[in-house]
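A quick write-up on the structure given underneath.
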Amino acid sequence: MAFTEDQVKRYARHILLREVGGVGQQKLLESKVLVIGAGGLGSPLILYLAAAGVGTIGIVDDDVVDLSNLQRQIIHHTSDVGRLKVDSAAARVKDINPDVTLVPHRTRFDMTNALELISQYDVIADGSDNFSTRFLVNDACFFAKKTLVSGAILRFDGQVATFKPHVHDDSGVAGPCYRCIFREPPPDGQVPSCAQAGVLGALCGMIGSMQAAEILKELMGIGESLSGSLLICDGLGSTFRKIKVNRDPGCPVCGDTPTITDLSGHGQ
């Protein structure tokens, strides 16, 4: 694939990087990423993927923009209130980079469409705001053998992780999945939502941007993957911790004797 003159100018700062170059930029232009949720995490994530030249970005979201979203969901504008988030996001992406094809999935990610949606993309980004969706995304990615880059935020805390249980290292050891860390969703009401507990808007930008960086690395095959680690951010303390996470042989999805063998156990 030959770059146009405009593309050479647009991606010049990428192409200058020895680890990226023209080959890496071409990989991005040919890649497909599915972003689940166009909210606090999805907003910066989508913006940076589009600016980087990821060729196809799919967005799954059935919600509309609300005034309370604008404190952190920077892809949406005041004039977008009442508009579907996927349509608002599509307009921003078009303005940022005409090289990018934005595929809006105006639906809720659930058991009935999970595998069909995921199968169309190379890497999946989870920016959802509830545990039931997070667990469904993990399980669907495992069965579809897709790399998952997950982010989560609440109040002043955030975390990022990459899950590739379908990939083995040089020693033949597979990476963990989300359930290797968090076995099952907590009981309803035990963990408050952002709507209940609040969240620092700028923290969403930090975590979403870190997700974008990890996705770009995975697409180009550069750097050290975050697979096998959980990166935790304490926004108030201005600290980061990187915790090593191993595959759990007792994991109900990717373990030695899985008890979840399809998506039929998930509600809609």
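The values are calculated or read from the model by the stated rules, or taken from the named source; none is laboratory data. If you're wondering where the values come from, they're calculated on a predicted model, not measured in any experiment. Methodologically, a virtual Cβ is constructed for each residue, glycine included, from the backbone with ideal geometry; neighbour enumeration extends over all protein chains shown. Accessible surface is based on the protein model in full, side chains and every heavy atom, while ligands, DNA and RNA are left aside. Shrake-Rupley method; radii C 1.70, N 1.55, O 1.52, S 1.80 Å.
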Hey, got a sec? Which GluC sites (Glu not before Pro) in region 163-238 land in a DSSP loop and have at most 15 other Cβ atoms within 10 Å? GLU224
Extreme residue, positive dipole direction of region 79-127, given options TYR121, LEU84, VAL103 (C-beta unit charges): LEU84
Using the per-residue mean of other Cβ atoms lying within 10 Å as a proxy for protection, in what order, highest first, do the peptides 35-43, 76-84 fall? 35-43, 76-84
Relative contact order in percent for the chain (Cα pairs under 8 Å, 6+ apart) equals 19 percent
Qualifying aspartates and glutamates (Cα of each under 15 Å from Cα of LYS217; at least 8 residues distant if same chain): GLU19, GLU30, ASP122
Nonlocal amide H pairs with ASP110, under 5 Å, H built at 1.01 Å: none
Beyond 29 Å (Cα-Cα) in this structure, taken from LYS94/LYS164; LYS145/LYS244; LYS85/LYS242, we find LYS94/LYS164; LYS85/LYS242
Carbon/sulfur fraction of accessible area - the chain, other protein chains in place, 1.4 Å, %: 51 percent
Kindly identify region 107-173 as rounded, prolate or oblate by the Cα gyration tensor criterion: order the square roots of the eigenvalues as a ≥ b ≥ c, call it rounded if a/c is under 1.5, otherwise compare a/b with b/c, prolate if a/b is larger, else oblate. oblate
When the convex hull of the Cα atoms of the chain is projected onto a plane and the area is averaged over all directions, what value comes out in nm²? 14.7 nm²
Inter-centroid distance (Cα atoms) of region 42-109 relative to region 227-260, Å: 28 Å
Loop only by DSSP, 16 or fewer other Cβ within 10 Å of the Cβ. Give me the GluC sites (Glu not before Pro) in region 1-84 that pass, ordered by residue number. GLU19, GLU30
Those helices of the chain passing the 18 Å axial Cα length cut-off and the mean Kyte-Doolittle cut-off of 0.0 (DSSP H runs only) are 131-144, 201-220
Only Cα pairs within less than 10 Å get springs; with that Gaussian network setup on the chain, which residue of LYS242, LYS146, LYS164 has the largest fluctuation? LYS242
Would you mind listing how long region 191-235 runs along its three principal axes, going by Cα atoms, in whole Å with the largest first? 39, 20, 16
